[in-house]
Amino acid sequence: MAKRKDKTADRVRHLFDQVNTASRVKWETVNQKGFDFANDNQLTEAEQQHLSEQGMPDFTINRIMPVVEMLNFYATANTPRWQAVGVDASDTDVAHVFSDVADYIWDLSDGQTIFSNAINDAITKSVGYLLVTVDPDSDHGMGDVVIKQPEPFDIFVDPKSRDILFKDASFVMIRKILPTSHLEKMFPSLVSKIRKASSNQQTNFNYSEKSLKMQKDFTYKDISSSESINSEGENDTLLELFEVYEKIKVGYVNVFYRMPPNEQQIAQIQQQVQVQMQEMQAEMQVQIMEQEKEMAAAVEAGQMLPERFQLEMQKASKMMQDQLATAEQQMVSELQASVSQIENKIVSEKEFKTISNDPTFSKMIVDTATFYGNRIKLSCVAGDVTLYEKVLPEQITEYPLVPFHFKWTGTPFPISAVSPLIGKQREMNKAHQLMVHNASLGSSLRWMHEEGSIDTDYWERYSSSPGALLPVRPGAMAPTPIQPAPLSNAFFGIVNEGKQDMEYLAGIYGAMQGDTSSQHDTYRGMLAMDEYGTRRVKQWMKNSIEPGLKRLGRVVAQFSQATYTGNKVFRVVQPNNINEEKQVEINVPIYNDLGESIGKFNDYGAAKFDIRIVAGSTLPVNRWAYLDELKQYMQMGVIDDIALLAETDIKNKESIIKRKSMYAQMKGQIDDLEEKLKNSTGTVETLERQVVQAGIKSKVNAAETEISKQKYSLKSDMDKEHNETKAQQKHLRNSRKLQTDTEQKQFKNSLQNVIKDLERTKEKP
């Protein structure tokens with residue numbers, strides 16, 4: 001039986017073949033070479049063989065690795081911090097929670113380590129990535145948002161993308177080559193599909209010029225299929241795993257509908273209508289009586305027949321009843337419209353078609369607006385089998401892959417920091433090799449001799465030994481030592497200038513690396529040099545790293561809002577470990593007096609907020625300059641010594657801060673007591689002077705006191721009565737609001753149940 005064709009797997013394979021172009025392969029080869037040079041894999045097998053044939057050393061002096069390490073240090077010295085700003089006033093409190101949730105996810109993912117690794121990829125491979133995803137098994141199946149660091153060369157981006165964050169890319173693909181057993185552990189529920197998959201990939205592991213005989217590190221691409229084994233020690237089959245993220249447009253309808261009044265509002269409307277109808281009926285009855293009197297007089301005067309009189313009275317009575325009914329219906333409609341609220345709900349086009357079939361809800365619809373929103377579709381393919389396809393939750397509208405470039409070129413193929421340094425590194429390696437070779441020749445002399453004049457074996461063994469007696473055949477010419485040509489001073493200049501050129505190209509100078517010969521004589525001069533030296537690093541961070549971190553924060557917010565929908569408590573370690581652990585709770589249920597859920601406190605999923613990077617949280621900081629600045633602020637009185645201590649690296653600073661806080665509190669209390677004692681002394685002196693006048697004013701004061709007591713008593717009674725009335729009114733308003741909210745929520749729930757029932761009805765054959 002022929003195997004059924006998997007259209008999705010074929011489409012993904014075709015997409016990969018189209019994006020894996022010659023330009024993409026060249027870019028990867030160039031940047032793999034940069035990565036190899038940074039890791040001291042700087043000689044090809046051909047270069048090593050050539051040096052060996054010439055008797056020259058094959059060592060290298062790696063000047064690139066220190067540059068990479070310093071760039072990484074400056075870029076990751078501080079932990080990035082995010083803050084959220086609520087779109088509406090009601091979102092402000094929940095927005096503050098996001099910073100704590102982001103810290104929790106960052107700590108759970110070992111964020112500082114993977115961020116450092118991603119920046120190292122950006123420096124050596126031109127781009128690093130962080131991937132936001134969900135671990136469904138974490139927290140006992142509740143799921144947690146986690147951040148991962150994928151291999152840059154495994155990621156294939158739409159080549160037409162021209163955005164630094166790939167926002168305009170139609171797709172982003174992750175391709176991995178993994179053993180089958182590894183895939184089965186990744187997707188335990190899809191083992192049957194994985195075992196049916198077969199691979200037709202053409203795996204090429206020759207991604208660099210490094211010699212396997214000389215390489216000092218290994219990547220997963222260096223491991224061949226013959227070296228791939230499972231937990232049983234048996235050879236394992238390698239499969240390609242494709243994870244394709246695509247942006248799709250999904251239709252939505254913004255439905256505006258009128259919420260009907262609740263039972264309490266209906267009762268109030270009926271009461272108002274009843275009062276108005278009674279007034280109207282009384283007025284109309286008076287009019288009919290006046291009309292009846294006029295027609296009775298006409299009958300007596302012979303101007304109207306009695307039969308006409310009866311008919312007109314019947315018509316007037318019926319007209320009154322009709323007018324009253326019409327007026328009552330109109331008044332009810334107007335009052336209901338005045339108290340009902342216009343609300344909106346965004347639903348998909350499919351959901352709108354379902355609810356439109358509900359006659360109750362369709363009558364409530366006031367207006368609709370159709371629009372299209374971004375959604376992310378994920379297709380996962382192993383070999384030639386589709387494992388799954390799904391559209392990510394509607395909160396997620398951005399790619400979960402966040403790039404960090406070193407030098408963006410306007411395409412998905414940036415430039416690394418190492419690539420411009422390779423030429424200089426080769427030059428310096430060659431100069432060092434020639435210098436060492438020349439020195440070796442100078443210490444191990446070569447001899448020119450007449451053939452047969454000496455015992456060559458003896459000379460080779462003892463010619464370099466101190467005090468050796470070297471025999472020469474009688475009558476023969478003594479051997480002549482051959483001195484190597486003096487090495488040109490240009491080689492020393494090449495080495496020194498090459499070092500400076502590499503520092504200049506990378507923007508990392510000797511003083512920044514601790515080179516004492518390059519440091520300034522004064523402290524201020526050293527700080528100024530450090531400031532000037534880091535400007536290029538700060539510019540790179542501003543143009544590339546901070547936009548990436550901002551996008552990372554936004555994606556983390558989207559994933560966290562889609563994942564953390566239930567009640568959850570986050571335990572977050574505070575910065576500087578001063579306040580130790582902090583607990584943050586979201587989606588706390590709120591119940592009414594009947595025990596019914598009427599809402600959530602800190603409703604995280606419903607909040608709307610914008611994500612920002614805390615200013616300066618990622619920029620490199622000179623610790624000594626920073627502390628010096630804080631000392632000046634303390635002298636100015638802007639901060640105290642406790643705030644200064646919190647920014648230091650002193651051991652056991654938490655305990656010191658607690659003690660100083662206690663001492664400061666006790667000192668404040670003592671100062672308050674001394675101030676009170678001082679004031680008390682002055683008060684005693686004043687009282688002594690007032691005693692003389694006390695007798696004169698005693699009677700006047702007694703009368704005034706009595707009047708004041710009466711006024712105060714009267715005012716207290718009035719305030720008490722006013723407060724009681726106010727409290728009763730507030731309680732009544734709160735009760736009415738709670739009842740209204742409960743009834744509206746019940747209506748919404750009923751509406752949702754109607755929608756679900758309609759959907760189930762449609763799904764049944």
Quick check: is even one residue across the stretch 304-318 on the phi > 0 side of the Ramachandran plot and either loosely packed, with under 13 Cβ neighbours inside 10 Å or of a type in the set (A, V, I, L, M) (or both)? no
So for the stretch 394-410 (the condition being outside the structural domain of PRO261 (by TED's automatic domain parsing) and more than 30 Å from LYS542 (Cβ to Cβ)), does at least one residue qualify? yes
In the stretch 30-127, which helices (runs of 4 or more DSSP H) lie fully inside it and hold 1 or more residues that are of a type outside the set (Val, Ile, Thr) and over 18 Å from VAL402 (Cβ atoms)? 45-53, 64-76, 92-108
Pairs with Cβ under 7 Å, 6+ apart, first in the stretch 17-36 and in contact (Cβ under 8 Å) with a residue 40 or more places away in the chain, second of a type in the set (Val, Ile, Thr): LYS33/ILE422; GLY34/THR124; GLY34/VAL418; GLY34/ILE422; PHE35/THR124
The condition from (1) in a helix (DSSP H, G or I); (2) under 30 Å from TYR604 (Cα atoms); (3) free of Cβ contacts under 8 Å to residues at least 60 places away in the same chain that ASP137 misses is numbered (1)
Please verify whether GLN303 is outside any helix (DSSP H, G or I), in contact with a helix residue (DSSP H, G or I) (Cβ under 7 Å, 6 or more places away or on another chain) and not aliphatic (A, V, I, L, M), treating the condition exactly as stated. no
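The values are calculated or read from the model by the stated rules, or taken from the named source; none is laboratory data. Fair warning: this is a prediction, and the values are worked out from it, not measured in the lab. Every residue, glycine among them, receives a Cβ derived from its backbone with ideal geometry; neighbour counts consider all protein chains shown.
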